[in-house]
Amino acid sequence: MPLVRISLLAGKSESHKQKVSEAIHRALVETIAIPAQDRFHIITEHAPADFIYDPQYLNIQRTGDLVIIQIALSAGRTLEVRKALYRRVADLLHQEAGLRKEDVFINLVETAKENWSFGTGEAQYAT
Amino acid sequence: MPLVRISLLAGKSESHKQKVSEAIHRALVETIAIPAQDRFHIITEHAPADFIYDPQYLNIQRTGDLVIIQIALSAGRTLEVRKALYRRVADLLHQEAGLRKEDVFINLVETAKENWSFGTGEAQYAT
Amino acid sequence: MPLVRISLLAGKSESHKQKVSEAIHRALVETIAIPAQDRFHIITEHAPADFIYDPQYLNIQRTGDLVIIQIALSAGRTLEVRKALYRRVADLLHQEAGLRKEDVFINLVETAKENWSFGTGEAQYAT
């Protein structure tokens, strides 16, 4: 159910992008308890002129390895769970993809659980 | 008003993409009653490594023809209307663009009706 | 905190895109009072077949210079503030980037203030 958009500077290897995607997915599985099969990620690469970030907003030092992750997901996770998600994404991206934790930007876009159709035209999560 | 982001694997023909966009637009017009002129779609193509989907989550068999459709729209449609939208998008993509209904993934992102400006710096839908 | 996605037809100059991004950022700073350093923009260019817009919906005449701006931001801005934002974005894109105000399309996607992590795995805006 999460639809994950992963944006980064062009030029990273396929292996790096794969590790990034896998780390994010594992963090989602571990913290917000999505099924292991529930994985839908779109990765986009951008030229430097098109990928604009502040290198020190909030005194966090960002580099060209920055990954901007926007996750659409069903609403209802507690603040503690969302905080655990951010921590786990940053930890796993550091551990598995070698990223500095400062280079992990996350935004959650919450939607109703009825706002998804995973195929066949049905609203699989509507009760 | 809906802003529709259509993502698919690279390599589809222009004709196919046009049919996909037209089918989605027609489904929106028919089910959530947007004006026929209210059409704003952005289509993006992605390499296989960048377009990651589970091929059988929820026992729905997906192929490389998968279309991931994320629709930002004003909130307020009933569940029945949203369900009708999913059904109609899948039906028309099957009928008009030859897609299997299993290859139609939809996510709605609802926003306030005041959250749109269609040009000239005004909030045309604000009351 | 706003995550700004700027979409336009391919073929514009880097200078134009830079002016567009700067104008949008300045409008955000001036109207919704984000810090000057709080800038995260992703610009994408699209072929004509992939960038579909109605050229006169709501009697607004749009051209190939259209910029579609989708802004994820924390909820809570009043309607007046959001209206001021639209006006200022259109004014500054006209003034600084030479765009017709009719060619400025804006959509806001509001999220909870806890739905952001700006790096290091923390939820910097959560209280």
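Just so it is clear, none of the values below were taken in a lab; they were calculated from the coordinates. Computed from a predicted structure; not experimentally measured. When we count neighbours, we look across all protein chains shown, and the Cβ atoms used for this are built from the backbone with ideal geometry, even at glycine.
Observations
- Per residue of B:37-46, other chain Cβ atoms within 10 Å of the residue Cβ number 6 on average.
- Cβ-to-Cβ counts within 10 Å put B:ILE52, B:ILE69 in ascending order as B:ILE52, B:ILE69, the fewest first.
- Here the residues A:GLU30, B:GLU122, ranked from fewest to most Cβ neighbours within 10 Å of their Cβ, fall in the order A:GLU30, B:GLU122.
- Counting from the shortest, the label point at B:ALA49, 7 Å from Cα toward Cβ, is 2.5, 2.5 nm from the same position in each remaining copy.
- For peptide B:81-89, the mean count of partner chain Cβ atoms within 10 Å of a residue's Cβ comes to 4.
- Total formal charge among the other residues, if their Cβ is under 9 angstrom from that of C:ARG62, Lys/Arg +1 and Asp/Glu -1: -3
- Sorted shortest first, the separations between the C:ALA126 label point and its copies elsewhere in the assembly read 3.2, 3.2 nm; each point sits 7 Å from Cα along the Cα-to-Cβ line.
- Counting every other Cβ atom within 10 Å of each residue's Cβ, A:VAL4, C:VAL104, B:VAL109, A:VAL20 order from fewest to most as A:VAL4, B:VAL109, A:VAL20, C:VAL104.
- Set A:LYS113/B:LYS12; A:LYS113/C:LYS83; C:LYS12/C:LYS101; A:LYS12/A:LYS101 screened for pairs whose C-alpha atoms are more than 20 Å apart: A:LYS113/B:LYS12; A:LYS113/C:LYS83
- Degrees, to the nearest 10: A:79-97 long Cα axis against longest axis of chain A: 50 degrees
- For the stretch A:1-40: rounded, prolate or oblate by the Cα gyration tensor [a/c cutoff 1.5]: prolate
- Overall, chain B carries a charge dipole of about 240 debye about its Cα centre when +1 sits on the Cβ of Lys and Arg and -1 on the Cβ of Asp and Glu, all other atoms neutral.
- In the elastic network of chain C, a GNM with C-alpha springs shorter than 10 Å, the most mobile of C:ARG87, C:ARG39, C:ARG77 is C:ARG77.
- Here B:ALA10 yields copy-to-copy label distances, from shortest upward, of 1.0, 1.0 nm, the label point defined as 7 Å from Cα along Cα to C-beta.
- Residue of chain B nearest the B-to-A rotation axis [by Cβ], rounded angstrom distance: B:VAL109, 3
- Between helix A:14-32 and chain A: long-axis angle, C-alpha atoms, 0 to 90°, nearest 10: 50 degrees
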